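Nothing in this text is a laboratory measurement; each read-out follows from the coordinates by a stated rule. Please read all numbers here as calculations on a predicted model, not as lab measurements. Ideal geometry is used to build each Cβ from the backbone, glycine not excepted, and the neighbour counts take in all protein chains shown.
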Amino acid sequence: MQIAAPLGYRGAMEIRTFAGAAVAPHLDAVAALRIAVFRDWPYLYDGDAAYEATYLATYARSPRSLFVLAFDGARVVGASTGIPLADETEAFQRPFRARGIPLGDVFYFGESVLLPAYRGRGIGHAFFDAREDWARKLGGFALTAFCAVERAAADPRRPAGYRPNDAFWNKRGYVRQDDMFCELEWKEVGAEAPVPHRLRFWLRPLEGAA
């Protein structure tokens, strides 16, 4: 899939998909991209290479997972992932068990990360489209879901003019679940040790699913 290039750029840009272990040649690039993008607000993640290797290995091991990568020439500038919730770790499964939602009904979206220069060109929609289409192709899923970190509106670290993605997610048909969240620990930029963070889930029925 061809995507719009930054103004003045003359190279080739495209979005490519990889299932499971096929992404192996690009895992280091995806890890570096996650560390770079999540360092900014609202995650403030002080990247941990060991954690990245463990986290991404969960996806690479699943033959039904999907990596959607945006390339600027040979460079990975954006990445998005998805995996059957049954293949994810317990931390992400627990809220669904508590709600009584069968794990096999859910295709879970891991993240969408994109370097700032490439935003506002429809790549975010392409990431969602590719993962939703993959879930339909696999068959058997009734829902797609993801979670996102929550921050206080009055947090002094919040950048001026920052706009959350809630409106974008709502337009994609995702609904914030007030009673579904998970808790993950990571070390924030400038912190001495990891601290817990609450991530809220968003769900959408997968229309057209088999």
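Values for this structure:
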read-out: Amide H within-cut-off set for F146, under 5 Å, with H built and near neighbours excluded; value: F109, W202
read-out: Identified option (computed Cα extents along the principal axes in Å; candidates [x] 61, 41, 32; [y] 68, 38, 30; [z] 51, 44, 34); value: [z]
read-out: Under 5 Å, built H, 5+ apart or other chain: amide partners of G140; value: A210
read-out: Sorted by Cβ density within 10 Å, fewest first, the residues E183, E88; value: E183, E88
read-out: Relative contact order of the chain, defined on C-alpha pairs under 8 angstrom at six or more residues apart (%); value: 21 percent
read-out: Order of H125, H26 under a 10 Å beta carbon neighbour criterion, fewest first; value: H125, H26
read-out: Fewest-first sequence of D178, D129 by Cβ atoms within 10 Å of each Cβ; value: D178, D129
read-out: Most fluctuating residue given options A60, A74, A142, as computed from a GNM of the chain linking Cα atoms under 10 Å; value: A74
read-out: Under the Karplus curve 6.51 cos²θ - 1.76 cosθ + 1.60, θ = phi - 60°, whole-Hz ³J(HN,Hα) for segment 86-101, x wherever Gly or Pro sits; value: 4, 9, 7, 7, 4, 4, 8, 7, 3, x, 6, 4, 5, 7, x, 8
read-out: Segment 34-104 - percent relative contact order, Cα under 8 Å, separation 6 or more; value: 19 percent
